[in-house]
1. Would you kindly derive the ³J(HN,Hα) couplings of the range A:59-69 from the backbone phi angles with the Karplus curve 6.51 cos²θ - 1.76 cosθ + 1.60 (θ = phi - 60°), listing them in order in whole Hz, with x for Gly and Pro?
2. Could you work out the mean count of beta carbons from other protein chains within 10 Å of each residue's beta carbon in A:27-39?
3. How much mean residue ellipticity at 222 nm does chain A get from its helices, if each DSSP H run of length 4 or more adds -39500 (n - 2.57) and you divide by all residues, to the nearest 500 deg cm²/dmol?
4. What distance in nm lies between label points placed 7 Å from Cα along the C-beta direction at residue C:70 and residue B:102?
5. At 7 Å along Cα-to-Cβ for each site, give me the label-to-label distance between residue C:25 and residue B:254 in nm.
6. Across peptide B:53-63, how many C-beta atoms of other chains are within 10 Å of each residue C-beta, on average?
7. If Lys and Arg each add +1 and Asp and Glu each add -1, what is the summed charge of the other residues whose beta carbon sits under 13 Å from the beta carbon of residue B:217?
8. So what are the ³J(HN,Hα) numbers for the range A:87-97, from phi and the Karplus equation (6.51, -1.76, 1.60; θ = phi - 60°), rounded to whole Hz, Gly and Pro as x?
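Throughout, read-outs are computed from the coordinates displayed, never taken from laboratory work. Keep in mind that what you see is a predicted model, and the values were worked out from it rather than measured. Cβ coordinates were reconstructed from backbone atoms using ideal geometry, including for glycine residues, and neighbour counts include every protein chain displayed.
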Amino acid sequence: MADSPAWPASQRQYEHLLGLADDELVIGWRDSEWTGIAPVLEEDVAFSSIAQNEIGHARAVYELLSDDPDALAFDREPDEYLCAPLVQLHLLDWAHTIARRWLYEVADEIRITALMEELPLAAKINREEAYHRMHAELWHGRLAGTPQFRAAVDDLWPYAVTVLPLEQRPVLAARVGRDLPSNSLLLGKERGTQGAAFVALHEEMTSVRRSAPAGAQW
Amino acid sequence: MAAVDIPRSEQAFLEFVQAGGQVESGDWLPDEYRARLVKFVEMHGNSELMGVLPEREWILRAPTLQRKLALTAKVQDEVGHSQLIYRVVEDLGKPREQCLADLVSGKSKFHNVFHYPTKTWGDVGVIAWLVDAAAIISQKALLKCSYAPYARIMKKICWEESFHILHGRDVILAMVTGTAEQFELVQEALDRWWGPLMQFHGNPIPRDEDSMYVWRIKSQGNEEARQQFLDGYVPQIRELGLTVPDPKLCKRDDGVWEYSEPDWDELRHVVTGHGPRTADRLEFRRRFLEQERWVRDVLLAA
Amino acid sequence: MVYEVFRQDRKGQPFEHAGSVVAPDAEFAEAWAREQYGRRGESAALWLVPRDAVHEVSDWADEFDLKYRRVDGYSIKARLKEARSRVGSTERHG
């Protein structure tokens, strides 16, 4: 269990959790880009809470994995991050943003509920994510019939699939109501590939932190 | 006497509000009062929304997880404030869409401080600590506004602002007790922001000539607000070893602060849409308003 | 549509009007009011009411003296003093 000294029990488990934390950090970072410019003021406020929750989840998992969560969050090189390509994409339009939120929440629910046996923190995260799912479903319901949203889901579906390990993907496909993309469509979209968008994101994310010596207080 | 009992004359209304009376959205309001009120409140709403833009860049660059969360929450509050404020304007007769259109076209105004660039993490601290402090002083002077719906939202706004200043001060404290370079970042930011801060409360017209005070929309004149800011914050700035970049700044024996005359031409120039970042911030906002118009149309259609 | 938001500070407290949100329907109103009036854990509960459903009453007939049915219609000091002095009582009971 998560509070025993032998936990995480394996490199695989460690990487799975680090990938989850990196996903939450990066999607939270991307979602926080909407602060002040969301389509409706009331939504702007609500969306910001989601972004904060995501960062909060990342922090909680980093704290499990390291004594210095900020160092783990910010001080790695871009190619040491394990976030899925889906969250790295720069998508500053609402249709793609909501499509990503919706797809990500469906995938994340599968991932997080599978972790609940071995990780009490997963249950906590899952309870908070319930509100994210309500929000994603609400928007999905409103936008599903629009060409903008349908095109966005088409674009992002292959990326969404790679959020999950292979064995969890068929459930995702069933829940989203789509076929799993062929392997050729998934080429270059698996975890472990950080594109130019992520490198730019990492640069900006760490610009202030890198301006002072390591260990400086902020 | 209730608002509903006042005779419908400007003079009677004036006496009523000057005696501490408050009115609601359904009450009769003199045309001039209504017009001035809408303009004042709208400018406040615009300012909260425009204030988000200089700060949101730094959310993305926050150097720790805690700072990222705190700054996101602070800016979220500001968006929330603009929602509260535009609702008041809308209930006075001007729709939100119109307010936003007038904002991005440059037709309506927003406060001087949000027309300036932010250059470093030092700005983040100075804005959250000192600009928010200046704003809170103005906001507290609205808590007894003669227009009750506005007074009521000010209560929620002031409650939420209380953590902003603490957050700002915490950011500053971490830097002034950090490396010499970090201390310099704060001093340099203070040097740049002092001018706009001194202009923030507006030029010192006597309060009995200030229609916002006469109508009791606000309960304090401009100079009173500025003196309150100096009283509260100059000692706090100096105790950290920072220097206020005004050699003439000093407190007289009678308690009044003397200072170099703020550049009122600069204030006028900036607030009429000619600040260093005015055009590109309005353009940024206009771009997203336009881009996501389809979303609002879909929401309305259903 | 404008939804009025009433919030309850703590369990047992009355619901008080807190503001309003503009939303296309009740579901959005709920999602948005939750955040605008509850993100700091400041509300135990919210009531959301479409503005049209709120009926204001703010006019009253006040033609005749109704003080007999209010506390401010009674000033008993003078009579109480006289009653006590007749009895020679120096004890006070309220």
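1. So the J values, rounded to whole Hz, are 4, 4, 6, 4, 5, 5, 8, 7, 7, 10, x.
2. 6
3. -21000 deg cm²/dmol
4. Modelled inter-label distance: 4.1 nm.
5. 6.6
6. If you average over the peptide's residues, the count of other-chain Cβ atoms is 6.
7. Taking every Cβ under 13 Å from that of residue B:217, the sum is +4.
8. For the range A:87-97, the Karplus-derived couplings read 6, 6, 4, 8, 10, 7, 9, 5, 4, 5, 4 Hz, x marking Gly and Pro.
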